Amino acid sequence: MKKLFSMLVAMTALLFSLQAQPPGGGDPEAMKARMKERMKPMLVQQAGVSDAEADKILDINFDFQMKSRPIRMDQSLSEDDKKKKMKEAEDARDASMKAIPLTEEKMAKIKAFYDEMRKRQQEGRGGQGGGQGGGQGRGGNQQ
């Protein structure tokens, strides 16, 4: 289950790291609203989750992304320190996901949804990140 959550977050991080700065600046609430607007209908349809579950999933993953990105980008931290801080953030995210609660079947569908989103992003960007320079930050989530 933990690996499933880690994969889910890695995919969410991938989606965020591949996107250019959105119009309107980097206001986190505006970013969250745009993400929900684009992803929620697809998540509900493809993963078979309710609107309320989709809101919780997207909120949890967005909040995790907002917490994990500064950790990954902090060049003053050693790799061990980054891993420790990421583990703490992942544990908090996992606890939040378990509290929704979601069935194993829904979690598998959610993972498949994010796998497909990641695949589409990679194809649209010319493969593995398209040389965008964001690849280093994604690697930390895949452990």
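The values are calculated or read from the model by the stated rules, or taken from the named source; none is laboratory data. What you see is a predicted model, and the numbers here were worked out from it, not measured in a lab. Every residue, glycine as well, gets a Cβ built from its backbone with ideal geometry; the counts of neighbours run over all protein chains shown.
Summary of values
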quantity: Filter result (surrounded by 16 or more Cβ atoms within 10 Å (Cβ to Cβ), touching a residue at least 40 places away in the same chain (Cβ under 8 Å) and farther than 19 Å from residue 28 by Cβ) within the stretch 67-87; calculated: 82, 86
quantity: Cβ-Cβ under 8 Å pairs, at least 6 apart or on other chains, the stretch 21-34 side of a type outside the set (Ser, Thr, Tyr) and at pLDDT 90 or above, far side surrounded by 11 or more Cβ atoms within 10 Å (Cβ to Cβ) and in a helix (DSSP H, G or I); calculated: 31/62; 32/58; 32/59; 32/62
quantity: Residue under evaluation residue 75, criteria (1) modelled with pLDDT under 85; (2) not in a helix (DSSP H, G or I), criterion not met; calculated: (1)
quantity: Tally, over the stretch 26-49, of residues that are of a type outside the set (Lys, Arg) and farther than 13 Å from residue 107 by Cα; calculated: 13
quantity: Top-ranked residue of the stretch 90-114 - restricted to ones that are among the aliphatic types (A, V, I, L, M) and surrounded by fewer than 18 Cβ atoms within 10 Å (Cβ to Cβ), ranked as nearest to residue 52 (Cα to Cα); calculated: 100
quantity: Residue count, the stretch 86-106 (criterion: part of a helix (DSSP H, G or I) and more than 27 Å from residue 70 (Cβ to Cβ)); calculated: 3
